[in-house]
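The structure under discussion appears below in the form of C-alpha cells.
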Amino acid sequence: MAEKLDIRSVREWLPQINNPLLVAGPCSLETEKQTLETARLLAKDHRVFIFRGGIWKPRTRPGSFEGIGSVGLKWMQLVKQETGLPVGIEVANAIHTEEALKHGIDVLWIGARSTASPFVVQEIADVLKGTDSVVMVKNPVNPDLQLWMGAIERVYRAGIRNIVAIHRGFTPFGETKYRNYPSWQTVIELRRLMPEVPVICDPSHIAGKREYLLEIAQKAFDMGLDGLMLESHVDPSCALSDKEQQLTPADLGKLLDRLVIRHQSANNPFFENQLELLRNRIDSLDNELLEVLSSRMDIVREIGKYKKEHNVTALQINRWAQLMEDRVKLGQKLNLSKTFTQILFQLIHEDSVRMQTEIMDNHQEKEI
Ligand code: PEP
Ligand code: MN
C-alpha cells in the first residue's frame, strides 16, 4: 500500500461541482475563434465544469500539429473571463508549467507521454512547489502502475493536494478495437492502492473514434470513476488533431444525456450501492477474462496449423509440464491456490489439445 495521501476532495477546490467531474474541450486550441466558440457552447451545458485544451502537443511522431503554443494561454484567459469556467492545459516541462502558472491556468495536467518519464514529472513538480494548483496526472502510455503512482507521489511531495488521476488507456501491442487498451484492472488497482485520489476517465483517447465514446464513458461510471475528460471541438471535421474522436458540444450533450451516471452521493463517503459497484467490476473482469481466453485460443489454433504443417503432435508433454509448473508458481504469487490454478490450466489445456487435434484431423479428411 502506498503512503496515505491527504488529497483534497474535488468539491473543496471546485465548490460548485456536483458529481461527476466533467472536463471538456478541444484536443488542441487552434484559433481564438475556435477556442471561444467551443467554450461558449460547452459553458451552456452546466454539466461541464472545466474547459480543457492542448496548446503544446507532444505528438508521438514529429510532423503532425504540435500545438499553437503560448498564445493559447491568452485565449484560455479569455475563456475564463467570458464563461467563468476554470481552464486546463497539458504541461510537458518546467517552462510550460511556469507559463501556465503565470497566466492563471487553473488545472495543469501531465500527459501520458510525460508521466512515463520520472525526470519530466520531477521537473514539473519542482515548479509546482508552493502553489495551490490543481494537477491531473494521466496514466503513462505503458501499463505500469508504479510509474503512474510514482508521478502522483512526485506531485504530492511537491505539496500539491488537489490531485486527480486520469485514465486514458495504454498503448496496445497490435491492432485493437480501441486506440488505447483500457486495462480497467490497472485502474482498479490504482483505486485500491491510492483510494484517496479521484480518478476520471478520458474516453476520447481510449476510443480514438467517436462511436466508442459512449460505451467507454458508461463503463467508467460503472466502475465507480469520478468523472470524465472528453474532447469537444466546435467543428471536429476541421480539427488539426484527433479529429476522429472529438464531439461537437451538442453531441457531447447528447452523450451525457444517455449516460447512466453512478457516483458517490454528496453526504455519503461510501458508494451509493457498493454491492452493485462490486458486481459491475466482477462483470467487467469476467468479460476481460473471456476476451483473454478467446485470444489465447486464437493463438492455440495458429499453433495447431503450424504443427500440422510441420508434422508435429498436438500434445507436447515437455512444454505442457513446464507451462503447468510456471503457471502454478505465478498463481501462488498472485494468491491463487495451487489446486485452483492446476484445475484451471488442465481445463484450458484439454480444450487446446482438443482444438488442435480437430484442426489436424479436419485437414487429414480433406487430404483423403
Ligand atoms: C490530450 O489530452 O490531448 C493528449 C495528448 O492526451 P494523452 O496525453 O492522453 O495522449
Ligand atoms: Mn487529443
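Residues whose amide H falls under 5 Å from that of V197, counting only those 5 or more places apart or on a different chain, are absent, with hydrogens built in the peptide plane. By how many degrees, 0 to 90 and rounded to 10, does the Cα axis of helix 213-222 deviate from the longest principal axis of the chain? Roughly 90 degrees between the two axes. Against the main long axis of the alpha-carbon atoms of the chain, helix 71-83 sits at an angle near 70°. For the chain, the longest principal axis of the Cα atoms and the long axis of helix 184-193 meet at an angle of about 70 degrees.
A 1.4 Å probe, protein heavy atoms only, puts the accessible area of E99 near 40 Å².
Farthest toward the positive end of the dipole of the chain, out of L252, S28, G104, is the Cα of G104, where the dipole comes from beta carbon charges about the Cα centre. Extents of the chain, largest first, come to 78, 44, 40 Å (Cα atoms, principal axes, whole angstrom). Probe radius 1.4 Å, ligands and nucleic acids ignored: give me the carbon and sulfur share of the accessible area of the range 10-258 as a rounded percent. Of all accessible area on the range 10-258, carbon and sulfur atoms account for 53 percent. Rolling a 1.4 Å probe across all protein chains gives K307 an accessible area of roughly 30 Å².
Placing dummy labels 7 Å off each Cα toward the beta-carbon, the span from N93 to V260 is 4.8 nm. Each of V164, V234 has its accessible area taken with a 1.4 Å probe; listed largest first, they run V234, V164. Between amide H atoms placed 1.01 Å from N, distances below 5 Å from V134 occur with L108, all of them 5 or more places distant or on a separate chain. For the range 10-258, a simple Cβ point-charge model (Lys and Arg +1, Asp and Glu -1, everything else neutral) yields a dipole of about 120 debye relative to the Cα centre. A probe of 1.4 angstrom, applied to the heavy atoms of all protein chains, finds H103 with accessible area near 40 square angstrom. Listed by chain and number, the aspartates and glutamates whose C-alpha is less than 14 Å from the C-alpha of K308, apart from same-chain residues fewer than 8 away, are E358, D361, E365, E367. Spatial offset of the range 309-326 relative to the range 8-77 amounts to 54 Å, using the alpha carbon center of each.
Sequence-ordered 3J(HN,Hα) estimates for the range 226-241 from the Karplus curve with 6.51, -1.76 and 1.60 and θ = phi - 60° stand at 9, x, 9, 10, 10, 7, 9, 9, 4, 8, x, 4, 9, 4, 7, 8 Hz, glycine and proline given as x.
For K243, go through the lysines and keep the ones whose alpha-carbon is under 19 Å away, minus same-chain ones fewer than eight residues off. Within reach: K33, K57, K177, K209, K254.
Extending 7 Å from Cα along the Cβ direction at L315 and again at F173 yields two label points whose distance is 2.8 nm. Summarising the strand pairing of the chain, around 5 percent of its internal DSSP beta bridges are antiparallel. Each residue, N362 and Q122, gets one label point 7 Å from its Cα in the Cβ direction; the gap between the two is 5.5 nm.
Largest mean-square fluctuation among S183, S237, S133, in a Gaussian network model of the chain whose springs join Cα atoms under 10 Å apart, belongs to S237.
Note on the chain: GNM, Cα springs under 10 Å; of V260, V353, V155, the largest mean-square fluctuation is that of V353. A helix-only calculation puts the chain at -16000 deg cm²/dmol for mean residue ellipticity at 222 nm, using -39500 (n - 2.57) for each DSSP H run of at least four residues, averaged over all residues.
Ranked by solvent-accessible area (1.4 Å probe, protein heavy atoms only, all chains present), the residues I343, I68, I7, I163 order from largest to smallest as I343, I68, I7, I163. Based on protein heavy atoms only, the chain ends up with 51 Å² per residue of surface accessible to a 1.4 Å probe.
Ranking R258, R296 from most to least accessible surface, computed with a 1.4 Å probe over the protein chains only, gives R258, R296.
The values are calculated or read from the model by the stated rules, or taken from the named source; none is laboratory data. Remember, predicted model here, so these are calculated numbers, not experimental data. Positions of Cβ are generated from backbone atoms using ideal geometry, with glycine treated the same way; all protein chains shown enter the neighbour counts. These area figures cover heavy atoms from the full protein model, side chains too; ligands, DNA and RNA do not enter into them. Shrake-Rupley method; radii C 1.70, N 1.55, O 1.52, S 1.80 Å.
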